[in-house]
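Asker: Can you keep this structure in mind? I'll have questions shortly.
The values are calculated or read from the model by the stated rules, or taken from the named source; none is laboratory data. Remember, it's a predicted structure, so these values are computed and weren't measured experimentally. Backbone-built Cβ (ideal geometry, glycine too); neighbour counts: all protein chains shown. Ligands, DNA and RNA are stripped out before the accessible areas are found, and what is left, the full protein with its side chains, is counted by its heavy atoms. Shrake-Rupley method; radii C 1.70, N 1.55, O 1.52, S 1.80 Å.
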Amino acid sequence: MSRCFNFSAGPSELPLEVLEQVRDELLDFRGTGCSIMEISHRSKAFTEVHNETQQMLRSLLDIPEEYDILFMQGGGHMQFSMVPLNLMAPVSADPSRRGGGCYIVNGTWSRKAAHEAGRLGGISIAAEGDETNVPQQQDLRIPEDASYVYYCDNETVHGIEFNYVPDTGRVPLVADMSSNILTRPFDIRKFGAIWFGAQKNFGIAGLTIAAVRHDLIGRAPENCPVMLDWKSYSSKNSMLNTPPTFAIYIANLVCHWLEKQGGVPEMAKRAAEKSGALYSVIDASDGFYSGKVKPAFRSRMNVTFWLKDESLNDLFVEEAAALGLKNIRGHRSIGGMRASVYNAVPTEGATQLADFMKDFERRHG
Ligand code: PMP
């Protein structure tokens, strides 16, 4: 068996211990005589996994009881619609007139979220980044009657990460934390809601999680489809219908793995080491490699960079792959390279990639 170091932006690497446990209990899940994929979501064996996953996540992220943790499907794209559907509050006696969402736009995913919300109601833009930076607090324009302020904490495509939590006063703050959840401690009390897909730092595709403050649940309009109303998940402990059982099981194993490793503070330490090793090579390369994101906003998860001589791109990717350093090509919309160093990518993977980059530069620089 030869496992690579996998720098995919998502779905992405899982901890080896998690995969081994999945393999070991695949045919007979804890004495049930079937796999976890073959049992009812209402069975005792599965509900134990479901409830434990919620509790463990609550503890790993330090989420107090006044927030509900919801397990959903539909991915990030469904949350792009669910956030406005659930939070655009009526602004007058006419329930069809709803207060707008206010969006900080600084990359692909916040732009898509704003676009989708715009289909459902009036939105405003608090500030726009130029895809190398994060708009700063003093530049945010937040209308007083905004229903919520939305931003993406880590823009996965460009590799831009917020280095502060916006202060939005009384207006609830909502964050897409899909690509940096569980990688640094944060205070959820500053947020009305956060949400994330599981397929980067919490397991596999098919599970989408939100943590929503109680007072923000139950605001969707009467005619909101049940599957798009956070309340439906909250009132039924995320068992409204058949949940993505296998994805929840994997998330459960990831929770146990995270706990054993030392939790979120340890992940933050490793993220700084891994991304730091790569950014150091870029900065010391005298332009052979360059990044576009301003240093203060560089993502600790998605390290984006370009080779000065782009005709070497294919060779760079091929040579890296031959060493077992895989999936480092940048997003198709912006090109270049992107090494995603999520929680499950070992520090050894990042240092091997950094060594390869130095060696490649020595041979081609
Ligand atoms: N938000 C972020 C930050 C993402 O990285 C992605 C996808 N990689 C999405 C949203 C969209 O998620 P999905 O593909 O699950 O709709």
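Asker: Quick one: how many residues across the stretch 168-182 are out of contact with any Pro (no Cβ under 8 Å at 6 or more places or on another chain) and farther than 27 Å from Ser275 by Cα?
Answerer: Residues flagged as out of contact with any Pro (no Cβ under 8 Å at 6 or more places or on another chain) and farther than 27 Å from Ser275 by Cα within the stretch 168-182 amount to 5.
Asker: Ok, one more. Collect the residues in the stretch 183-221 that are of a type outside the set (A, V, I, L, M), within 13 Å of the ligand (Cβ to nearest atom), under 21 Å from Met239 (Cα atoms) and open to solvent by 10 Å² or more (accessible area, probe 1.4 Å), keeping them in residue-number order.
Answerer: Gln199, Gly206
Asker: Considering the stretch 222-237 alone, what residues qualify as being under 17 Å from Ser147 (Cβ atoms) and either modelled with pLDDT of 95 or more or within 16 Å of the ligand (Cβ to nearest atom) (or both)?
Answerer: Leu228, Asp229, Trp230, Lys231
Asker: One residue is enough: does the stretch 166-180 have a residue meeting the conditions open to solvent by less than 10 Å² (accessible area, probe 1.4 Å) and over 24 Å from Met88 (Cα atoms)?
Answerer: yes
Asker: Test Phe5 against the criterion of being modelled with pLDDT of 95 or more, on the phi < 0 side of the Ramachandran plot and under 21 Å from the mean Cα position of the chain (by Cα), and give yes or no.
Answerer: Yes.
Asker: In addition: Against the condition open to solvent by 40 Å² or more (accessible area, probe 1.4 Å), out of contact with any Leu (no Cβ under 9 Å at 6 or more places or on another chain) and in contact (Cβ under 8 Å) with a residue 24 or more places away in the chain, how does Glu273 come out, does it pass?
Answerer: yes
Asker: Here's a follow-up. Would you confirm, using the coordinates I've provided, whether Ile248 is of a type outside the set (Asp, Glu) and more than 18 Å from the chain's Cα centre (by Cα)?
Answerer: When the stated conditions are applied, Ile248 does not pass them.
Asker: Sort out which residues of the stretch 35-84 are within 16 Å of the ligand (Cβ to nearest atom), open to solvent by 10 Å² or more (accessible area, probe 1.4 Å) and aliphatic (A, V, I, L, M), and write them in order of number.
Answerer: The answer is Met78, and nothing else.
Asker: To continue, here is another question. Working carefully through the options Ala344, Ala339, find the one that is within 15 Å of Val281 (Cβ to Cβ), among the small types (Gly, Ala, Ser) and within 20 Å of the chain's Cα centre (by Cα).
Answerer: Ala339
Asker: Under the condition of being open to solvent by less than 10 Å² (accessible area, probe 1.4 Å) and outside any loop (DSSP other than H, G, I, E, B), which residue from the stretch 338-353 is nearest to Asn154 (Cα to Cα)?
Answerer: Ser340
Asker: Yes or no: Asp187 farther than 19 Å from Gln79 by Cβ and modelled with pLDDT under 95?
Answerer: no
Asker: If His158 passes every condition in (1) more than 24 Å from Ser81 (Cβ to Cβ); (2) of a type outside the set (Ser, Thr, Tyr); (3) modelled with pLDDT of 95 or more but one, which one does it miss?
Answerer: (1)
Asker: If we keep just the residues of the stretch 132-167 that are of a type in the set (D, E, K, R) and away from the ligand (no atom under 11 Å from the Cβ), which is nearest to Gly291 (Cα to Cα)?
Answerer: Ranking the qualifying residues of the stretch 132-167, first place goes to Asp139.
Asker: Does any residue in the stretch 325-348 that is at positive phi come within less than 7 Å, Cβ to Cβ, of a residue that is buried (at least 16 other Cβ atoms within 10 Å of the Cβ) and assigned to a loop (DSSP other than H, G, I, E, B) six or more places away or on a different chain, and which pairs are these?
Answerer: Note: pairs meeting the criteria are Asn327/Phe7; Asn327/Ser8; Gly336/Gly330.
Asker: Going through the stretch 293-337 one residue at a time, which ones are under 18 Å from Gly276 (Cβ atoms) and either open to solvent by 20 Å² or more (accessible area, probe 1.4 Å) or in contact with an Asp or Glu (Cβ under 6 Å, 6 or more places away or on another chain) (or both)?
Answerer: Lys294, Pro295, Ala296, Phe297, Arg298, Ser299, Arg300
Asker: Taking Glu48 as the residue in question, decide whether it is over 30 Å from Leu353 (Cβ atoms) and of a type in the set (Asp, Glu).
Answerer: It is true that Glu48 is over 30 Å from Leu353 (Cβ atoms) and of a type in the set (Asp, Glu).
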